[in-house]
Amino acid sequence: MTPSALADLVRSAAAEVLAARGLDTGALPEAVIVERPRNPEHGDYATNVALQVAKKVGLAPRELAEALANALAGTDGLDSAEVAGPGFVNLRLATDAQGELVRQVLVQGAAYGCGDEFGGLAVNLEFVSANPTGPIHLGGTRWAAVGDALGRILTVRGAVVTREYYFNDAGAQIDRFVASLVAAARGAEPPEDGYGGAYISELASEVVRAEPGVLELPDGQRDEVFRRTGIELMFEQIKRSLHDFGTDFDVFFHEDSLHASGAVDEVLEQLKRSGRLYHADGAWWMRSTEFGDDKDRVVIKSDGAPAYIAGDIAYLADKRSRGFDLCIYMLGADHHGYIGRLKATAAALGDDPDVVEVLIGQMVNLVSEGKPVRMSKRAGTVVTLEDLVDAVGVDAARYELARYSVDSAVDVDLDLLRKNTAENPVFYVQYAHARLASLQRNAAELGLPPVAGTDGSQIDLGLLSHPREGDLVRTIGEFPKVVARAAELREPHRIARYLEELASAYHKFYDAARVLPQGDEEATPTTFARLALCEAARQTVANGLALLGVSAPDRM
RNA sequence: GCCCUCGUAGCUCAGGGGAUAGAGCAACCGCCUCCUAAGCGGUAGGUCGCAGGUUCGAAUCCUGCCGAGGGCGCCA
């Protein structure tokens, strides 16, 4: 029995109890909470529903719990239902009903954990979007790992996700980037406010190699060549490192294209016509305060040039015109002021502000010798995506960055990276998968029929009666709920934390129970029941790691 | 000054209305003639920043304060 089936069972029993007493069944919560108590004495599962509704319907919590327990007692698949504490009902499943879950995982395979509560919602997920003026640094790397995982998680819960990267390839920032390239190519010092890292001179040489004679062109033409070629080379480098990191995008959107196509002018005209803009102090302002922003925003500067936000407005309009129901932006904490502005933009465009959802993640800090290291392109202390991957590999890097809530700032310890340490929890999880894969290999070598790919109907899963077996089954059973919750809250780290729990439950089981026959022993029904359980565990670990974009190795 | 996030074991962090607050790492003591010891068991380690409030019940929700980080441009 799955946890959700159990929850349904509890809810209908509770409804019957209330109805039998002529009480309002509407007092019941939509989703009854059935959770796994941390104390095993409190049963396999426990529900607090009696505590939640007793007051509403005017009953003592324990009295209601008592009635609920009586109604549940004797239900098919339940071994016991007992009242405890202030009004909890503790439940124990019959072993065969519990083992049924293993069969479901075998049948569902890679689809175990999927759901459809998003029902085809078209989601635009924009993340990383680092400026194309340099390589992806650690902050961007965090979003690459978390955003990619979120995309996978939303997808398996029924959303149709488009992953998008917004290149800010217009404006003064790019001008400085180009000027820095030109200076480097000419062997000059980088300009004030320019970029001076080693990658700049390498890029500059590449431009010269690709376009010989560029330095002899008149300044205007020369800069144009550096702009076009330099940006293109930088793009390629960024795309390549993201791809190598396992993060691919459906759309790389160029801010420049919004200006070139006239989309910016068009949307600004539209806003003027609809009275969303006003003219003051020589500039055009958006009335964003009317839509909850802190202050009105300049969208056309007094020199006539569009402000940065103008591109954002046109970009959102573009996303909506492409049919997205929900536009998610993943931004760093230094952009939290964007929330109000982007939502106001949606409102100004005549949209529901809720089509815009901004996820703010805290910063990634560098630590060395216990002290924070300030990242600086000039000082050469920028750590890039490649640096991280070189130090620990893609799997460890992705896992490490995805296992923390984005609400908490992450400290990356440079010394630890240099040590190439094996202290990362990713190994704990991957090792569980490798052990499980190894079990299936060994079973095959013993000539046992494979469990994977069958529906397990020939196997007596009621034999899984050891406490460690029950723990493992129930932990596996939590997976769909965890994925759903991660999708709902946009919190991929829940997957990683769950996997650590699952790996732990497996390692404990493995330690306590022998799976394969030893020596001259024959395979028994228990052998097959355990092999099925192990295959269900392996499948679940593999599905979870896939959501994080981390490999599930068969050997380590 | 205003806004956002955080403050939980020595360290890094989960848990975000439920029962005796958890994991990894670090420390200490045990466990491989046997399916992968990158594992398992045990010991030790806590005023969940502080003070009020809401509730049958608060680490969790609300208010204030303290501390840390990040924002508050006609920059992008």
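The values are calculated or read from the model by the stated rules, or taken from the named source; none is laboratory data. These figures come from a predicted structure and were not determined experimentally. Reconstructed Cβ throughout: ideal geometry from the backbone, glycine too, with neighbour counts over all protein chains shown.
What number of residues within the range A:316-346 are part of a helix (DSSP H, G or I), surrounded by 17 or more Cβ atoms within 10 Å (Cβ to Cβ) and within 13 Å of RNA strand B (Cβ to nearest atom)?
Total meeting the criteria: 7.
Can you give me the number of residues within the range A:272-298 that are under 14 Å from A:ARG341 (Cβ atoms) and either more than 9 Å from RNA strand B (Cβ to nearest atom) or among the aromatic types (Phe, Trp, Tyr) (or both)? Steps first, answer last, please.
First, the residues of the range A:272-298 that are under 14 Å from A:ARG341 (Cβ atoms): A:276, A:285-298.
Next cut, either more than 9 Å from RNA strand B (Cβ to nearest atom) or among the aromatic types (Phe, Trp, Tyr) (or both) only: A:276, A:285-293.
Residues meeting the conditions: 10.
Can you name the residue in the range A:500-523 that is over 30 Å from A:ALA145 (Cβ atoms) and within 8 Å of RNA strand B (Cβ to nearest atom) and, of all such residues, is surrounded by the fewest Cβ atoms within 10 Å (Cβ to Cβ)? Spell out how you get there, then give the answer.
Just the residues of the range A:500-523 that are over 30 Å from A:ALA145 (Cβ atoms), to begin with: A:511-523.
Among the residues that remain, those that are also within 8 Å of RNA strand B (Cβ to nearest atom) are: A:511-516, A:518.
Numbers: A:ASP511: 8, A:ALA512: 13, A:ALA513: 16, A:ARG514: 11, A:VAL515: 19, A:LEU516: 16, A:GLN518: 6.
My answer is A:GLN518.
Can we say A:SER457 is away from RNA strand B (no atom under 13 Å from the Cβ), more than 16 Å from A:TYR112 (Cβ to Cβ) and out of contact with any Cys (no Cβ under 8 Å at 6 or more places or on another chain)? Explain how you work it out, then say what you get.
On the way: away from RNA strand B (no atom under 13 Å from the Cβ): yes; more than 16 Å from A:TYR112 (Cβ to Cβ): yes; out of contact with any Cys (no Cβ under 8 Å at 6 or more places or on another chain): yes.
Yes; evaluated as a whole, the condition is true for this residue.
On the phi < 0 side of the Ramachandran plot and surrounded by 15 or more Cβ atoms within 10 Å (Cβ to Cβ): is that true of A:ALA402 in this structure?
Yes; evaluated as a whole, the condition is true for this residue.
Might you let me know whether the range A:524-543 holds any residue that is outside any helix (DSSP H, G or I) and either outside the structural domain of A:ASP148 (by TED's automatic domain parsing) or surrounded by fewer than 16 Cβ atoms within 10 Å (Cβ to Cβ) (or both)?
Restricting attention to the range A:524-543, the residues satisfying the condition of being outside any helix (DSSP H, G or I) are A:524.
Okay, now just the ones that are also either outside the structural domain of A:ASP148 (by TED's automatic domain parsing) or surrounded by fewer than 16 Cβ atoms within 10 Å (Cβ to Cβ) (or both), so A:524.
Looking for residues that are outside any helix (DSSP H, G or I) and either outside the structural domain of A:ASP148 (by TED's automatic domain parsing) or surrounded by fewer than 16 Cβ atoms within 10 Å (Cβ to Cβ) (or both), one finds at least one in the range A:524-543, hence yes.
Filter the range A:434-454 for residues that are within 17 Å of A:VAL102 (Cβ to Cβ) and not aliphatic (A, V, I, L, M); which is nearest to RNA strand B (Cβ to nearest atom)?
Just the residues of the range A:434-454 that are within 17 Å of A:VAL102 (Cβ to Cβ), to begin with: A:436, A:439-440, A:443, A:448-454.
Narrowing further to those that are not aliphatic (A, V, I, L, M): A:440, A:449-450, A:453-454.
On the way: A:GLN440: 9, A:PRO449: 16, A:PRO450: 15, A:GLY453: 20, A:THR454: 19 Å.
If we take residues in the range A:434-454 being within 17 Å of A:VAL102 (Cβ to Cβ) and not aliphatic (A, V, I, L, M), then A:GLN440 is nearest to RNA strand B (Cβ to nearest atom).
Please verify whether the range A:364-374 includes one or more residues that are farther than 18 Å from A:ALA144 by Cβ, within 12 Å of RNA strand B (Cβ to nearest atom) and at pLDDT 90 or above.
Checking the range A:364-374: not a single residue is farther than 18 Å from A:ALA144 by Cβ, within 12 Å of RNA strand B (Cβ to nearest atom) and at pLDDT 90 or above.
Considering (1) more than 16 Å from RNA strand B (Cβ to nearest atom); (2) assigned to a helix (DSSP H, G or I); (3) in contact (Cβ under 8 Å) with a residue 40 or more places away in the chain; (4) touching a helix residue (DSSP H, G or I) at 6+ places or on another chain (Cβ under 7 Å), say which one A:TYR199 fails and leave the rest.
A:TYR199 satisfies all of (1) more than 16 Å from RNA strand B (Cβ to nearest atom); (2) assigned to a helix (DSSP H, G or I); (3) in contact (Cβ under 8 Å) with a residue 40 or more places away in the chain; (4) touching a helix residue (DSSP H, G or I) at 6+ places or on another chain (Cβ under 7 Å) except (4).
From the list A:THR75, A:THR47, A:THR2, which one is among the β-branched types (Val, Ile, Thr) and within 9 Å of RNA strand B (Cβ to nearest atom)?
Numbers: A:THR75 fails: within 9 Å of RNA strand B (Cβ to nearest atom); A:THR2 fails: within 9 Å of RNA strand B (Cβ to nearest atom).
Checking each option against the conditions leaves just A:THR47.
Restricting attention to the range A:10-60, which residues are of a type in the set (A, V, I, L, M, F, W, C), assigned to a helix (DSSP H, G or I), in contact with a strand residue (DSSP E or B) (Cβ under 8 Å, 6 or more places away or on another chain) and within 17 Å of A:LEU78 (Cα to Cα)? Write out each step before concluding.
Here is the first cut: in the range A:10-60, the ones of a type in the set (A, V, I, L, M, F, W, C) are A:10, A:13-15, A:17-20, A:23, A:27-28, A:31-34, A:46, A:49-51, A:53-54, A:57, A:59-60.
Adding the requirement that they be assigned to a helix (DSSP H, G or I) leaves A:10, A:13-15, A:17-20, A:27, A:49-51, A:53-54, A:57.
Checking the rest, the ones that are also in contact with a strand residue (DSSP E or B) (Cβ under 8 Å, 6 or more places away or on another chain) come to A:10, A:49-51.
A:VAL10 - this is the single residue of the range A:10-60 that is of a type in the set (A, V, I, L, M, F, W, C), assigned to a helix (DSSP H, G or I), in contact with a strand residue (DSSP E or B) (Cβ under 8 Å, 6 or more places away or on another chain) and within 17 Å of A:LEU78 (Cα to Cα).
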